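**Student:** After the structure tokens below, expect a handful of questions from me.
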Amino acid sequence: METLQEIFSHEVELTALQMACRAIAIFFIAFVLIRIAGRRSFGLRTPIDNIIVILLGAILSRAVVGASPFIPIIFASFILCVLHRVFGWLFTRYNNFARIVEGEKIILYENGQFIDQSMRRGLVREEDIMQAVRKATFSDSIDGIDKIYLEHNGEISIIKKINVKTDTPKTRVIHEN
């Protein structure tokens, strides 16, 4: 018990062994916290997901280096993960809430035209769009493109024109990552 208290006590200067033990403990605690937060935090990469990842990293790092008391850090991290889970639940139940917090997709290209106002709103240049087109289609041509969106998570989605005779709907959408 005394050893645990020595490792996890809040001291001005920690030894290398104390920091290593704290790092191991934080690794497993972070694993549990990420399981609580859910897969969404590392999958969708929306602004709210990025916030949880950044805050968890910042807060948990304080526990490793002994900058703050250990138990309050774990509690604060747990609360953040629960809050993230609650937000995720609210997003699935209330589309308007999700739209307010995460935003909506912005159409950047339609009917053979770039939409300048939308591009300015999304802070996207034509070259950014063309880069996404090249990645998705392996071509510099936008002739076969129907629409291009800036998704709420910042990705650019490209929708090809459908050739009714050869394409099936499941092959329409190409996502640039």
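**Student:** Hey, can you tell me all the residues within region 33-72 that are part of a helix (DSSP H, G or I), at pLDDT 85 or above and either surrounded by fewer than 14 Cβ atoms within 10 Å (Cβ to Cβ) or of a type in the set (Gly, Ala, Ser) (or both)?
**Tutor:** Arg35, Ile54, Gly57, Ala58, Ser61, Ala63, Val65, Ile71, Pro72
**Student:** A further question on this structure: Go through region 50-95 residue by residue and tally those that are in contact with a Lys or Arg (Cβ under 6 Å, 6 or more places away or on another chain) and either aromatic (Phe, Trp, Tyr) or farther than 15 Å from Ile29 by Cβ (or both).
**Tutor:** Number of matching residues: 1.
**Student:** Could you list all residues from region 134-173 that are assigned to a loop (DSSP other than H, G, I, E, B), at pLDDT below 90 and among the hydroxyl-bearing types (Ser, Thr, Tyr)?
**Tutor:** Thr166, Thr168 - these are the residues of region 134-173 that are assigned to a loop (DSSP other than H, G, I, E, B), at pLDDT below 90 and among the hydroxyl-bearing types (Ser, Thr, Tyr).
**Student:** Just a yes or no: is a residue in region 54-68 more than 16 Å from the chain's Cα centre (by Cα) and either of a type in the set (Lys, Arg) or assigned by TED's automatic domain parsing to the domain that holds Lys161 (or both)?
**Tutor:** Looking for residues that are more than 16 Å from the chain's Cα centre (by Cα) and either of a type in the set (Lys, Arg) or assigned by TED's automatic domain parsing to the domain that holds Lys161 (or both), one finds at least one in region 54-68, hence yes.
**Student:** Moving on to the next point. Pick from Leu90, Leu80, Leu108: which is surrounded by fewer than 17 Cβ atoms within 10 Å (Cβ to Cβ) and not aromatic (Phe, Trp, Tyr)?
**Tutor:** Leu90
**Student:** Are any of the residues in region 106-125 in a helix (DSSP H, G or I) and within 30 Å of Ala30 (Cα to Cα)?
**Tutor:** No, region 106-125 has no match at all.
**Student:** Next question, about the same structure. I'd like to verify a number: residues in region 1-30 that are surrounded by fewer than 17 Cβ atoms within 10 Å (Cβ to Cβ), modelled with pLDDT under 90 and either under 25 Å from the mean Cα position of the chain (by Cα) or not in a helix (DSSP H, G or I) (or both), how many?
**Tutor:** Number satisfying all stated conditions: 7.
**Student:** Same structure again: Specify the residue that is farthest from Ile73 (Cα to Cα); the eligible residues are those in region 12-39 that are free of Cβ contacts under 8 Å to residues at least 12 places away in the same chain and of a type in the set (Gly, Ala, Ser).
**Tutor:** The residue in question is Ala16.
**Student:** Condition test on Gln131, is it under 21 Å from Glu104 (Cα atoms), part of a helix (DSSP H, G or I) and modelled with pLDDT of 90 or more?
**Tutor:** no
The values are calculated or read from the model by the stated rules, or taken from the named source; none is laboratory data. Bear in mind the structure is a predicted one, so any value in this text is a computation, not a measurement. Glycine also receives a Cβ, built like all others from the backbone with ideal geometry; neighbour counts cover every protein chain displayed.
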